[in-house]
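Peer 1: Before anything else, here's the structure in question.
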Amino acid sequence: MARNKIALIGAGQIGGTLAHLAGLKELGDVVLFDIMEGIPQGKALDIAESAPVEGFDAKFTGTQTYEAIEGADVVIVTAGVPRKPGMSRDDLIGINLKVMEQVGAGIRKYAPNAFVICITNPLDAMVWALQKASGLPKNMVVGMAGVLDSARFRHFLAEEFNVSVEDVTAFVLGGHGDTMVPLSRYSTVAGIPLPDLVKMGWTSQDRLDKIIQRTRDGGAEIVNLLKTGSAFYAPATAAIAMADAYLKDKKRVVPCAAHLSGQYGLKDIYVGVPVVIGAKGVERVVEIQLDKDERAMFEKSVASVQGLIEACIKIAPDLGQ
Ligand code: A3D
């Protein structure tokens with residue numbers, strides 16, 4: 001059986017980390033594509049040279065040509081620019097939309113059967129544009145955000161309760177951004193929902209609200225610390241978990257920016273919802289019941305994603321067809 005092939009479009013901070021993780025986990029051979037000459041080649045060689053020490057077998061190739069991604073099973077897209085302190089994710093739309101059009105054309109030509117995971121920001125609008133530009137089936141194109149956002153929430157909760165991160169589950173909905181909707185009643189410690197933990201005196205509602213806000217601002221917190229880019233270790237890990245679910249047909253239930261065609265009363269939009277990922281890509285969108293407050297927060301988040309998609313259509317009217 002041939003090894004899987006994983007194409008990484010964008011070999012920057014996240015792209016390099018993705019390549020290293022894909023190697024360590026032996027997910028397959030890795031092709032790093034970037035417009036910057038030497039960067040993907042240098043990272044590919046550096047990671048290949050770590051393989052004898054770690055003891056993993058995978059081939060790493062750096063390239064500036066789309067032909068090299070031919071036949072990829074998974075494509076993970078980080079191409080574009082990240083934000084700097086003071087910038088919102090939405091400020092990136094002009095540059096990154098053009099990048100999605102180029103990348104989409106490359107995927108359409110050389111990797112039309114791949115499962116495509118978009119990470120480029122502003123996430124929900126960019127994955128929408130990437131699906132349109134690539135023409136791939138909607139269930140085969142997803143955005144990574146919810147796995148990262150819920151991992152941030154889990155980390156903060158585990159610290160608050162002084163328990164293992166493994167026993168904390170967290171649930172977030174909506175767009176990746178300031179309007180994301182962390183859902184307390186579906187987030188648990190070993191199955192005990194957060195509102196019950198407040199009643200049990202493990203934390204106060206006030207402290208929980210602060211953790212929720214910190215989760216929403218999780219990306220900005222890291223941008224402000226790094227000053228020269230945005231988070232890359234946790235975003236890469238999150239996308240690799242999604243690739244792994246697809247390649248191994250794990251049928252994992254994870255929050256992703258997925259295409260909606262009527263679910264949650266929405267059409268032709270990508271937004272963060274729980275989905276099942278298996279060998280057929282997004283195999284199912286999980287529709288949960290939202291209470292009045294949750295619905296209102298979700299609608300606010302959806303409105304902000306819709307605004308970004310409209311901005312994309314203004315810049316590139318063809319995508320709206
Ligand atoms: P960075 O280290 O700058 O890497 C981006 C790479 O893309 C660079 O090496 C560029 O040369 C390359 N690139 C630019 N244009 C093209 C093009 N047309 N074709 C191919 N490659 C190109 O950024 P990063 O890796 O830190 O972040 C990548 C993206 O992910 C940014 O848009 C971030 O905002 C985004 N991001 C998203 C999340 C989510 O949770 C969704 C988290 C963190 C970062």
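Peer 1: Anything in the stretch 1-21 that is assigned to a loop (DSSP other than H, G, I, E, B), among the small types (Gly, Ala, Ser) and more than 10 Å from the ligand (Cβ to nearest atom)? List them, or say none. Don't jump to the end; show me each part of the working.
Peer 2: So in the stretch 1-21, the residues assigned to a loop (DSSP other than H, G, I, E, B) come out as 1-4, 10-12.
Still in the list and also among the small types (Gly, Ala, Ser): 2, 10-12.
Answer for the stretch 1-21, where residues must be assigned to a loop (DSSP other than H, G, I, E, B), among the small types (Gly, Ala, Ser) and more than 10 Å from the ligand (Cβ to nearest atom): just 2.
Peer 1: Determine the pairs where a residue that is open to solvent by 40 Å² or more (accessible area, probe 1.4 Å), located within the stretch 32-43, has a partner that is within 6 Å of the ligand (Cβ to nearest atom) and of a type in the set (A, V, I, L, M) with Cβ atoms under 7 Å apart, the partner being 6 or more residues away or on another chain.
Peer 2: Here the result reads 39/11; 43/11, each pair linking the stretch 32-43 to a residue that is within 6 Å of the ligand (Cβ to nearest atom) and of a type in the set (A, V, I, L, M).
Peer 1: Restricting to the stretch 84-135, give me the number of residues that are surrounded by 20 or more Cβ atoms within 10 Å (Cβ to Cβ) and touching a Lys or Arg at 6+ places or on another chain (Cβ under 8 Å).
Peer 2: Number satisfying all stated conditions: 9.
Peer 1: Of the numbered conditions (1) touching a Lys or Arg at 6+ places or on another chain (Cβ under 7 Å); (2) in a helix (DSSP H, G or I); (3) not charged (D, E, K, R), residue 197 fails exactly one; give the number of that condition.
Peer 2: (1)
Peer 1: Looking only at strands (runs of 3 or more DSSP E) that fall completely inside the stretch 226-301, which ones have 3 or more residues that are touching a residue at least 60 places away in the same chain (Cβ under 8 Å) and within 20 Å of residue 170 (Cα to Cα)? Outline the logic, then answer.
Peer 2: On the way: elements: 252-261, 267-278, 281-285.
So the answer is 252-261, 267-278.
Peer 1: Just checking, how many residues over the stretch 100-125 are hydroxyl-bearing (Ser, Thr, Tyr) and more than 11 Å from the ligand (Cβ to nearest atom)?
Peer 2: Going residue by residue through the stretch 100-125, those that are hydroxyl-bearing (Ser, Thr, Tyr) are 110, 120.
From the residues that got through so far, the ones that are more than 11 Å from the ligand (Cβ to nearest atom) too are 110.
Number of matching residues: 1.
Peer 1: For residue 222, which of the numbered conditions (1) open to solvent by less than 70 Å² (accessible area, probe 1.4 Å); (2) touching a residue at least 12 places away in the same chain (Cβ under 8 Å); (3) within 16 Å of residue 121 (Cα to Cα) fails to hold?
Peer 2: Here residue 222 clears every test but (2).
Peer 1: Looking only at the stretch 227-259, filter to residues that are of a type outside the set (Phe, Trp, Tyr) and open to solvent by 80 Å² or more (accessible area, probe 1.4 Å); which one of those is nearest to residue 193 (Cα to Cα)?
Peer 2: So the first thing to find is which residues in the stretch 227-259 are of a type outside the set (Phe, Trp, Tyr), and the list is 227-231, 234-245, 247-259.
With open to solvent by 80 Å² or more (accessible area, probe 1.4 Å) added as a condition, the list becomes 227-228, 248, 250-253.
Values: 227: 36, 228: 38, 248: 30, 250: 25, 251: 24, 252: 21, 253: 18 Å.
For the stretch 227-259, the residue satisfying everything is 253.
Peer 1: Only residues in the stretch 58-71 that are crowded, with 17+ Cβ neighbours inside 10 Å count as the first member; pair them with residues that are outside any helix (DSSP H, G or I) and of a type in the set (Asp, Glu), Cβ under 8 angstrom, at least 6 apart or cross-chain, and list the lot.
Peer 2: Hits for this filter: 58/26; 58/29; 60/29; 61/29; 62/34.
Peer 1: Right, next: Could you give me the residue pairs with C-beta distances under 9 Å whose first residue belongs to the stretch 142-165 and is on the phi > 0 side of the Ramachandran plot, whose second residue is surrounded by fewer than 24 Cβ atoms within 10 Å (Cβ to Cβ) wherever it lies, and which are 6+ apart or on separate chains?
Peer 2: Taking only residues 6 or more apart or on different chains, not a single pair turns up.
Peer 1: Can you list residue pairs whose Cβ atoms sit under 9 Å apart, with the first residue in the stretch 14-28 being crowded, with 23+ Cβ neighbours inside 10 Å and the second being in a helix (DSSP H, G or I) and of a type in the set (Lys, Arg)? Count only pairs 6 or more apart in sequence or on different chains.
Peer 2: From residues that are crowded, with 23+ Cβ neighbours inside 10 Å, the pairs are 15/43; 16/43; 19/43.
Peer 1: Of all residues being assigned to a helix (DSSP H, G or I) and under 12 Å from the mean Cα position of the chain (by Cα) in the stretch 126-153, which is nearest to the ligand (Cβ to nearest atom)? Just the residue, please. Write out each step before concluding.
Peer 2: First, the residues of the stretch 126-153 that are assigned to a helix (DSSP H, G or I): 126-134, 138-140, 146-153.
Keeping just the survivors that are under 12 Å from the mean Cα position of the chain (by Cα) gives 126-127, 146-151.
Working: 126: 8, 127: 9, 146: 9, 147: 9, 148: 5, 149: 7, 150: 11, 151: 10 Å.
Across the stretch 126-153, the extreme among qualifying residues is 148.
The values are calculated or read from the model by the stated rules, or taken from the named source; none is laboratory data. What you see is a predicted model; the values in this text were computed from it and never measured. Backbone-built Cβ (ideal geometry, glycine too); neighbour counts: all protein chains shown. Heads up: the accessible areas ignore ligands, DNA and RNA and are worked out on the full protein's heavy atoms, side chains in. Shrake-Rupley method; radii C 1.70, N 1.55, O 1.52, S 1.80 Å.
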